[in-house]
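**Q** One structure, as structure tokens, below. Some questions next.
The values are calculated or read from the model by the stated rules, or taken from the named source; none is laboratory data. Treat the numbers as computed from the prediction; the structure is a model and nothing was measured. Virtual Cβ from ideal backbone geometry, glycine too; neighbours counted across all protein chains shown. To get the accessible areas, we keep the full protein, side chains included, count just its heavy atoms, and leave off ligands, DNA and RNA. Shrake-Rupley method; radii C 1.70, N 1.55, O 1.52, S 1.80 Å.
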Amino acid sequence: MLRVAPDAREAARDEEAVGRVVHAVLATAGLRAPMPAHPAMVAAAFAVQAGEDGQRILREAAIATAPHRTGPAGPGQMPAPAKPAPHLARSVARALALVPAGADPRSGSRLTAWRRADRAVLDESLTRLADVWPEMLAELQVCVAQVALLEGRAIDGFTDFTTHGAIHVHRARLSASPLGLPGPVRFAEALVHEGAHTRCNAAQLGAPPLTSSADAVDPVQTPLRSDPRPLTGLFQQTVVLARCTALYVRFLAEETEAATALAARRDRLADQARQAITALRAHSSMLTEHGLGALEECDSLLRATTA
């Protein structure tokens, strides 16, 4: 069950449910894989459901993940920098296929390897999260197994349930922004942002936030995308924006560096969060009891952190 405030225990229960489904699907094809579920294992399960070769994906994963753990981190471990790998490359290809009209997919988006300097920024981002919001870091440790780096102008970052447990973030987020946001802060926001999508994706298996009727509702405008999105996209954006606003409130309480840039980013995210909450309230009849509760939690978190 999703709580807008981070909750590692609830996240672990939902991830275990995802793992059970993945292993059950693989078992139907006579495939066995270790617990817990790795993003490539999720990709293999989807391949099996589509009548494709899941074994090939598992073989690739055994090579691609060799130096890394085989699933979400769990308490005390950190999300792992991911080497470019076939299951992640296919995920990028799917994301490029969904680039909205008006954007130029030829501008490209591709996986890239982590450099030593990149890993140092990731480490600092995780350290800062541990300092200002340890509960959020604990949840990320449960939900996120791989952090993949992107290059190219087409995509800034995304998650893909077909490789659940992997998040993709553009390398530019490791560097300071033109307005002066430090790289480790920007990347910490990206981790919270994409981690929230991952958390929502797992939670909806057991406690969907939207009714089945929501599938028939026309796509709606959302604060973070120029193209209309389904209601599930609006719901997830609401959670993302409430959490990211709260992150910057916490940074401002602890950080002395770049306070003006931090405050500007907080205000921007808070404004987008209010837009998302208002838009979602207009479709409250499409929310389940759980979804309504999450909406109120978003509103409460925003009010508590920006009062």
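**Q** Using +1 on the beta carbon of Lys and Arg, -1 on that of Asp and Glu, and nothing else charged, what's the dipole of the chain about the Cα centre, debye to 20?
**A** On the way: 32 positive and 32 negative charges, 149 e Å.
Charge dipole of the chain: 720 debye, to the nearest 20.
**Q** Which listed residue (ILE277, LEU179, LEU262) has the Cα farthest towards the positive end of the charge dipole for the chain, taking +1 on Lys and Arg C-beta and -1 on Asp and Glu C-beta about the Cα centre?
**A** Of the listed residues, the answer is LEU179.
**Q** Give me the base-10 log of I(q)/I(0) for the stretch 225-307 at each q in 0.12, 0.13, 0.18, 0.21 Å⁻¹, Debye formula, one uniform scatterer per Cα, rounded to two decimals.
**A** Debye intensities relative to I(0), on a log10 scale: -0.36, -0.42, -0.72, -0.91.
**Q** If you don't mind, there's one more thing I want to ask. Once the stretch 195-262 is represented by equal point scatterers at the alpha-carbon sites, with solvent omitted, what log10 I(q)/I(0) does the Debye formula produce at q = 0.12, 0.16, 0.25 Å⁻¹?
**A** -0.44, -0.67, -1.10
**Q** Taking 0.36 nm per intervening residue step and subtracting the Cα-Cα distance, what contour gain separates ALA264 from ASP131 on full extension? Spell out each step's value before the answer.
**A** On the way: separation 133, 0.36 × 133 = 47.88 nm, distance 2.13 nm.
Length difference between fully extended and current span is 45.8 nm.
**Q** Working out 0.36 nm times the residue gap between GLN49 and ASP215, then minus their Cα-Cα distance, what length gain in nm do you get to one decimal?
**A** On the way: separation 166, 0.36 × 166 = 59.76 nm, distance 2.16 nm.
Computed gain between GLN49 and ASP215 is 57.6 nm.
**Q** Given the whole protein assembly as supplied and a 1.4 Å probe, what does the accessible area of PHE161 come to in Å², nearest 10?
**A** 60 Å²
**Q** Name the most mobile residue of GLU194, GLU257, GLU151, meaning the one with the largest mean-square fluctuation, in a Gaussian network model of the chain with Cα contacts below 10 Å.
**A** Result for the chain, Cα springs under 10 Å: GLU257 fluctuates most.
**Q** Across the stretch 218-232, in residue order, what do the Karplus-derived ³J(HN,Hα) couplings come to in whole Hz, using 6.51 cos²θ - 1.76 cosθ + 1.60 with θ = phi - 60° and x for Gly and Pro?
**A** Calculated HN-Hα couplings, in order: 4, x, 10, 6, 10, x, 9, 10, 6, 8, x, 10, x, 4, 4 Hz.
**Q** Based on the alpha carbons, how large is the Rg to Rh ratio for the stretch 162-300 when Rh follows Kirkwood? Before the final figure, lay out the partial values.
**A** Values: Rg = 15.7 Å, Rh = 15.8 Å.
The Rg/Rh ratio comes out at 0.99.
**Q** I would also like to ask the following. Take the solvent-accessible surface of the protein heavy atoms, probe 1.4 Å, and return the percent of it on the chain that carbon and sulfur atoms account for.
**A** Carbon with sulfur: 54 percent of the solvent-accessible area.
**Q** Still on this structure, I have one more. How much length would be gained if the chain were fully extended between ALA253 and ASP123, taking 0.36 nm per residue of separation minus their Cα-Cα distance, in nm to one decimal? Write out the running numbers ahead of the final one.
**A** Numbers: separation 130, 0.36 × 130 = 46.80 nm, distance 2.08 nm.
44.7 nm is the gain from fully extending ALA253 to ASP123.
**Q** Quick one: if the Förster radius is 35 Å, what FRET efficiency do ARG303 and SER175 give, using the C-beta to C-beta distance and rounding to 0.05?
**A** Working: r = 33 Å, r/R0 = 0.94.
Once rounded, the FRET efficiency stands at 0.60.
**Q** Let me ask something else. Could you tell me the calculated FRET efficiency between ARG281 and ARG13, based on Cβ-Cβ distance and R0 = 30 angstrom, to the nearest 0.05? All intermediate terms of the calculation are to be shown ahead of the outcome.
**A** Details: r = 29 Å, r/R0 = 0.95.
The formula returns an efficiency of 0.55 here.
**Q** Take every Cα pair under 8 Å in the chain that's 6+ residues apart, average their separations, divide by the length, and report that relative contact order as a whole percent.
**A** Details: 519 pairs, mean separation 57.0, N = 307.
Relative contact order here is 19 percent.
**Q** Whole-Hz Karplus ³J(HN,Hα) for the stretch 295-305, in order, using 6.51 cos²θ - 1.76 cosθ + 1.60 and θ = phi - 60°, x for Gly and Pro?
**A** Going residue by residue, I get 4, 5, 5, 4, 4, 5, 5, 5, 5, 5, 8 Hz, with x marking Gly and Pro.
**Q** Whole-Hz Karplus ³J(HN,Hα) for the stretch 45-57, in order, using 6.51 cos²θ - 1.76 cosθ + 1.60 and θ = phi - 60°, x for Gly and Pro?
**A** 3J(HN,Hα) across the stretch 45-57, in whole Hz: 5, 5, 4, 4, 4, 8, x, 9, 8, x, 4, 4, 5.
**Q** Once you put a point 7 Å from the Cα of ARG110 and another 7 Å from the Cα of ARG59, both along the Cβ direction, what distance in nm separates them?
**A** Between ARG110 and ARG59, the label points sit 2.6 nm apart.
**Q** To continue, here is another question. How much accessible area per residue does the stretch 211-307 have, in Å², with a 1.4 Å probe? Show your work: numbers first, answer last.
**A** Values: 4630 Å² over 97 residues.
Result: 48 Å² per residue.
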